[in-house]
Amino acid sequence: MNKAVRDVELALALALYRTMARIRAFEDAAEEASKGGVAAFGASLSEAKVRGPLHLSTGQEAVAAGVCAHLKKSDLLTSTHRGHGHTIAKGAALDRMMCELFGRAPGYNGGKGGSMHIADFSVGMLGANGVVAAGIPIAVGAAHALRARGGSDVVACFFGDGAINRGPFLEGLNWAAVHALPILFVCEDNRWAATTASDATTAGAGALARAEAIGVPGAQVDGNDVFAVWEAAGRLLAEVRKGDGPRLLHAITYRVKGHVSVDAAAYRDAVKHDKELERDPLVIAAQRIATRDQLEAIGREAREEVAAALKIAHEAPWPEAKAAYTDVQDTGAGRWRG
Amino acid sequence: MARMNYARASCTALEAAMRSDDRVVVVGEDVGRGGIFGQYRGLQQAFGGKRVIDTPISESTILGAAVGMALAGLQPVVEMRVVDFALCAIDELVNQAAKARYMFGGQGRVAMVARLPNGLWSGSAAQHSQSLEAWFAHIPGLVVVAPATPQDNYSLLQASLACGDPVVYLEHKELWGLEGDVDPAKSAQLGEAEIVHPGRDVTVVTWSRTRHTALEAAALTEQQGVSIEVIDLRTIWPWDRDTVLASAARTGRVLITHEAVQVAGFGAEIAATLAEETDARVRRLGAPRIPVGYSMPLEDESRITPQAISAACTKLLEPRNARNPHR
């Protein structure tokens, strides 16, 4: 047992494992329900419960779990198109999430957003986003709002390795550093930017090196080791909360699934891929927690919770068509055709 | 009632809003020094750097941060220098600000006023002289406002701050020094046009600086015995259909004129509505579909003049062509 684990109470270790197990169970079910749901990567559009692109964070659960374990409800979070894990780890309910993925009225967004825009403002989760790096400027603004409110709340801003090649990454980190904003930037580096290996399109040493060049210190961590993530995120978040300015956590992980659920990711080397699968974050965590029965119980409970969420989503009502016209804008509401 | 210019009027309205509501903040380049047009003069001294926030030249993050501020409870006023630079922040405006409330199912909303000075800016050439109101009118979720006078820049800014929606607020790049009377007690409704010159023969629908050009044209045509009714739309979205349709019913002839390129300009939307709803004869007068040139003879090709408006009105009064009764 390494030091990180010794430092973590067993109860905490189990809580981290539980978060990961719930994310895994949720996404496994969502993946199954999405079959035939998107016309891309050779798949055809048919009757699927979860429609459109479904970006799975399978294999990356340790990053969401390890970071969000340190967040309070009043802290804020911005996410990516691959945001189920962040949403669950921040405290959203699986049934309302599943309803949203199914496009049903009781979903968090009333069926208006789906997987790609999943949000639960009541727990400070300000939304997944369909545009790479778009959450970074939003996090910057949210941090200004927290500062105006006073207190020690922070923003956790998740983005992928692909985002560091977009302008808002440079803009947002520079701005956050200049204004010493309370933001933990989390680069969830799954090493694939859509269907291209990110190292083929990224110069230099990546997210942390770029952040340090801007004056944002941070840490690089094995993103598949939930205890390592937890330890590093805790240290960085303590500095952020103290008012030391932004920090960046560069978590190296691996995208187990394709870019979207129907992408078989045949463009990846099979031997290398199989080797990566051996580094499943749940397995790594399980090996270090010597309470097999409890882990099995946690896994079982997560699957039961997801089964109940699926049942609720299956039975939930669709939004009425007229809901398409609500929450657009108040000024000029009703003027839909000129 | 006070005499002030267009820049001061907006600054006065903003200062009042910041005094009455702590949530109102300003974010953008050079705002601490008063903004490049003086439209923020004195505000940072009055409210400090945490409410009048100087930023890097990072348009994406200026607008994107405004979205984050709004979702987290502030009410940002965004300084974008000129509308042309807002194109660096088009994702943040179109995909984020305009969509957030809807796609999150009403969990958050973006009460924001984005000031994007619009219009032809003399001698400033192709990247500083565009009029892009039609782009924003096309985007569900956005309100589009274009004040033409100091009074309207006071009252419409106040109304925009109060409406709770993301507002694209298009002041004109060359109206900052325009003097006028401002009555702080006079309010304006978004979506309400103003008939600024009543007339009998032709309705001219316009907004922003072209309001003033149209008034000059009205004086010109009056000498020829033609009476023009000038309507300043003031709000582009939602535009005041009722006022325009009622005027069209009175005059039977409508010219829509704007500084923006005529092709796919917002005039086309108004013309289409008139075609659907009335029997009025309709013409448009916008800029040719060319970038704005630097040299004066080139730039003038993009300028809307009183003479051109007057000529277009005269054309609407000519007998209908037998082969094409609508021309």
Which three lengths, in whole Å and largest first, does segment A:62-162 cover when its Cα atoms are put on their principal axes? 37, 28, 26
Rg(Cα) / (2.2 N^0.38 Å) computed for the protein assembly as shown, rounded to two decimals: 1.08
Under a no-solvent Debye model with one identical scatterer per Cα of chain B, what's log10 I(q)/I(0) at q = 0.07, 0.09, 0.11 Å⁻¹? -0.28, -0.46, -0.68
Between rounded, prolate and oblate, where does segment A:176-313 land on the alpha carbon gyration tensor, with a ≥ b ≥ c its root eigenvalues, rounded for a/c under 1.5, else prolate if a/b exceeds b/c? oblate
Hey, what do the phi angles of segment B:45-62 turn into as Karplus ³J(HN,Hα) couplings, whole Hz, using 6.51/-1.76/1.60 and θ = phi - 60°, x for Gly and Pro? 5, 7, 10, x, x, 8, 10, 10, 9, 6, 10, x, 6, 9, 4, 4, 7, 4
Of the beta bridges DSSP finds with both residues in segment B:194-317, what % are antiparallel, to the nearest 5? 20 percent
Taking neighbour counts of Cβ atoms within 10 Å as a proxy for exposure, in what order, fewest first, do B:Trp237, A:Trp336 appear? A:Trp336, B:Trp237
Taking amide H positions as placed 1.01 Å from N in the peptide plane, with prolines and chain starts having none, which residues 5 or more places from B:Met112, or on another chain, fall under 5 Å of its amide H? B:Asp165, B:Val167
Whole-Å distance linking the alpha carbon centroid of segment A:232-257 with that of segment B:81-147 is 34 Å
What whole-number volume per residue, in cubic angstrom, does the convex hull of the C-alpha atoms of segment A:253-338 give? 219 Å³
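Quick one: putting +1 on the C-beta of Lys and Arg, -1 on the C-beta of Asp and Glu, what dipole do you get for the protein assembly as shown around its Cα centre, in Debye to the nearest 20?
I would put it at about 300 debye.
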By its C-alpha gyration tensor, with a ≥ b ≥ c as the square roots of the eigenvalues, how is segment B:250-315 shaped: rounded for a/c under 1.5, else prolate for a/b larger than b/c, else oblate? oblate
For segment B:2-182, what is the convex hull volume of its Cα atoms per residue in Å³? 100 Å³
Would you pull out the residues with amide H under 5 Å of B:His197's amide H, same chain only if 5 or more places away, H placed 1.01 Å from N? B:Val230
For chain A the mean separation of alpha carbon contacts under 8 Å (6+ apart) over residue count, i.e. relative contact order in percent, is 23 percent
Two-site label geometry, B:Ala126 and A:Asp28: point separation in nm, points 7 Å out along Cα→Cβ: 5.8 nm
Note on chain B: contact order normalised by length, alpha-carbon pairs under 8 Å, 6 or more apart, percent, works out to 16 percent
Name the residue from B:Ile139, B:Gln96, B:Ala17 whose Cα lies farthest towards the positive end of the charge dipole of segment B:2-182, charges +1 on Cβ of Lys and Arg and -1 on Cβ of Asp and Glu. B:Ala17
What's the exposure ranking of B:Val226, B:Val25, B:Val78, going from fewest to most Cβ atoms within 10 Å? B:Val226, B:Val25, B:Val78
Using 0.36 nm per residue, how much length does the chain from A:Ser74 to A:Lys242 gain when fully extended, once their Cα-Cα distance is taken away? 58.9 nm
List the pair-distance distribution P(r) of chain A, using every Cα-Cα distance, as the percent of pairs falling in each 10 Å bin from 0 up to the bin containing the longest distance, rounded to whole percents. 6, 26, 34, 25, 8, 1, 0
Where the convex hull is taken over the Cα atoms of segment B:187-244, what is its projected area averaged over directions, in nm²? 3.9 nm²
Quick one: work out the % antiparallel among DSSP beta bridges in chain B, nearest 5. 20 percent
Each residue of segment B:75-89 in order: what ³J(HN,Hα) in whole Hz does its phi give by Karplus 6.51 cos²θ - 1.76 cosθ + 1.60, θ = phi - 60°, with x for Gly and Pro? 10, x, 10, 9, 9, 10, 6, 9, 4, 4, 6, 5, 5, 6, 10
If eta is 1.306 mPa s and T is 10 °C, what Stokes-Einstein diffusion coefficient results for segment B:101-213, Kirkwood Rh from Cα pairs, in µm²/s? 102 µm²/s
When only C-alpha pairs under 8 Å and at least 6 residues apart count, what is the relative contact order of segment B:2-182, in percent? 27 percent
Specify whether the C-alpha gyration tensor of segment B:194-317 places it in the rounded, prolate or oblate class, a ≥ b ≥ c being the square roots of the eigenvalues: rounded for a/c under 1.5, otherwise prolate if a/b is larger than b/c and oblate if not. oblate
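Sorted by mean Cβ packing within 10 Å, highest first, what order do the peptides A:158-167, A:239-248, B:287-296 take?
Answer by packing, highest mean first, reads A:158-167, A:239-248, B:287-296.
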Run lengths n ≥ 4 of DSSP H only: what is the helix-derived mean residue ellipticity at 222 nm for the protein assembly as shown, with -39500 (n - 2.57) per run over all residues, to the nearest 500? -11500 deg cm²/dmol
Selected from A:Ala197, A:Val50, A:Trp230, residue furthest toward positive end of dipole (chain A; charges at beta carbon): A:Val50
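Which ordering of B:Phe37, A:Phe26 is given by a fewest-first count of other beta-carbon atoms within 10 Å?
Starting with the residue having the fewest Cβ neighbours, the order is B:Phe37, A:Phe26.
Bear in mind these aren't lab numbers, they're just calculated from the coordinates by the rules spelled out. Keep in mind the model is a prediction, meaning the values are calculated, not measured. Quick reminder, even Gly has a Cβ in these numbers, built from the backbone with ideal geometry, and neighbours come from all protein chains shown.
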